[in-house]
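A short reminder: the numbers here are calculations on the coordinates, not readings from a lab. Note that this is a predicted model, so its numbers are computed, not measured. Because the Cβ atoms are built from the backbone with ideal geometry, glycine has one as well, and the counts that use them run over all protein chains shown.
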Amino acid sequence: MLDQRLQPVPPYTALVFDCDGTLVDTSSANESAWRTALATWRVELDPAWYRARTGLSADRLLAELETETGTELDYRAVQAAALDAYQWLIHTVTPHRQVSAIAEAHRGRVPMAVASGGSRQSVEETLRVTGLLPLFDTVVTRDDVRYGKPAPDVYLLAARLLGVAPHACVAYEDTDEGVGAALAAGMTVIDVRPSLQGRT
């Protein structure tokens, strides 16, 4: 049975979903990947610190980590190492069934997109491994825009690629940064956190 809190309320023309933490549970895999990557720079990732910053772009996360630790990091190298580590953990990623059920129920009924702050490689592979990729008409990632969330760029591009007005879209998000990005794009937002709290 579909969670009524996640049901989009008409009128709407399209649905747009964040990926990590919204459609799929990547929290453990992402945290482990960052921890593995940062160990090369002798930086220990504090779990509570990291979890308070989920939803930030990789660049913003690393910038805050530099400030926190006083360690200068090679952003590109750290991100590449984290992406490599994530590939080894991707088999542990599972869909958030409450949210993916909404996408499955709307397949073929309205245009749908993914708008993620992650890299294209990790997002597409995550959606492929979990079997969700065929549900979506387009996938927009941090690699496709100048500014990541909380800027509205990924959401605006998703709407444009779907051929719909942003204000006619309902967006699904799980972080304050993502909610802010979708609202800034002019979309109606459904925060999935109340539905996912304590559940996977």
Does at least one position in the range 140-151 carry a residue that is over 25 Å from D84 (Cα atoms) and in a helix (DSSP H, G or I)?
no
When the range 24-62 is checked residue by residue, the ones that are of a type in the set (S, T, N, Q), closer than 24 Å to R193 by Cα and out of contact with any Lys or Arg (no Cβ under 8 Å at 6 or more places or on another chain) are T26, S28, N30, S32, T54
Over the range 59-101, the set of residues of a type in the set (S, T, Y) and out of contact with any Leu (no Cβ under 8 Å at 6 or more places or on another chain) is T67, T69, Y86, T92, T94
Looking across the range 68-84 at residues that are under 20 Å from A52 (Cβ atoms) and among the aliphatic types (A, V, I, L, M), the single one that is surrounded by the most Cβ atoms within 10 Å (Cβ to Cβ) is A82
Per the filter on the range 44-55, residues outside any helix (DSSP H, G or I) and either more than 18 Å from A80 (Cβ to Cβ) or among the charged types (D, E, K, R) (or both) are E44, D46, A52, R53, T54, G55
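Quick grid of which residues meet (1) part of a helix (DSSP H, G or I); (2) buried (at least 18 other Cβ atoms within 10 Å of the Cβ):
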residue: R5; (1), (2): yes, no
residue: P10; (1), (2): no, no
residue: L15; (1), (2): no, yes
residue: E31; (1), (2): yes, no
residue: T36; (1), (2): yes, no
residue: R42; (1), (2): no, no
residue: L61; (1), (2): yes, yes
residue: L65; (1), (2): yes, yes
Checked R109, R160 against criteria (surrounded by fewer than 17 Cβ atoms within 10 Å (Cβ to Cβ) and either assigned to a helix (DSSP H, G or I) or among the aromatic types (F, W, Y) (or both)); the one match is R160
